[in-house]
1. When the residues of the stretch 30-80 are filtered to those that are of a type in the set (Asp, Glu) and in contact (Cβ under 8 Å) with a residue 24 or more places away in the chain, which remaining residue is surrounded by the fewest Cβ atoms within 10 Å (Cβ to Cβ)?
2. At least 3 residues that are in contact with a Gly (Cβ under 8 Å, 6 or more places away or on another chain) in each: list the helices (runs of 4 or more DSSP H) lying fully within the chain that qualify.
3. Of all residues being over 18 Å from GLN62 (Cβ atoms) and under 13 Å from the mean Cα position of the chain (by Cα) in the stretch 12-29, which is surrounded by the fewest Cβ atoms within 10 Å (Cβ to Cβ)? Just the residue, please.
4. State the number of residues belonging to the stretch 6-34 that are more than 19 Å from TYR51 (Cβ to Cβ) and among the aliphatic types (A, V, I, L, M).
5. Kindly indicate whether ARG84 is of a type in the set (D, E, K, R), modelled with pLDDT of 95 or more, over 13 Å from the mean Cα position of the chain (by Cα) and surrounded by 13 or more Cβ atoms within 10 Å (Cβ to Cβ).
Amino acid sequence: MTNYISTKLRTFLGEPMGEKCVAFVDGVDKDLAIRLMSFGFDKAYVLLGQYLLMHKKEDDFQMWLMLRCGATQQEAQKISICLREWCSTFI
C-alpha cells in the first residue's frame, strides 16, 4: 500500500479548520455534503465535534456516518482518516 494523500486531504490538513464547509472534508462528495447539511452538519468543525463526541472511535464514527447519513464504507473511511489526521496535526 502506498502513502498516497489525495489533494483534497492535503488541502484540508494544510491549515486550521476555521469555518470550512463540510464539503471540504476528504471523503465528502456533493450528495453526502447535502445529506450532512440536512442533518445540521454544515461545517467541518460540527462533523469534527461528532467525531470527538464518539471519543475518536473510528469504527463507531464510520458506522454512524453510514447508518445516519448514508455514507458509503469508502466515504466513511476517508472522512474518519481525514478527521483523525487533522486532530493529529492541530490538537
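1. Among residues in the stretch 30-80 that are of a type in the set (Asp, Glu) and in contact (Cβ under 8 Å) with a residue 24 or more places away in the chain, the one surrounded by the fewest Cβ atoms within 10 Å (Cβ to Cβ) is GLU58.
2. Qualifying helices (runs of 4 or more DSSP H): 73-90.
3. CYS21
4. 1
5. no
The values are calculated or read from the model by the stated rules, or taken from the named source; none is laboratory data. All figures in this text were calculated on a predicted structure; none of them were measured in a lab. With ideal geometry, Cβ positions are generated from the backbone for all residues, glycine too; neighbour counts draw on all protein chains shown.
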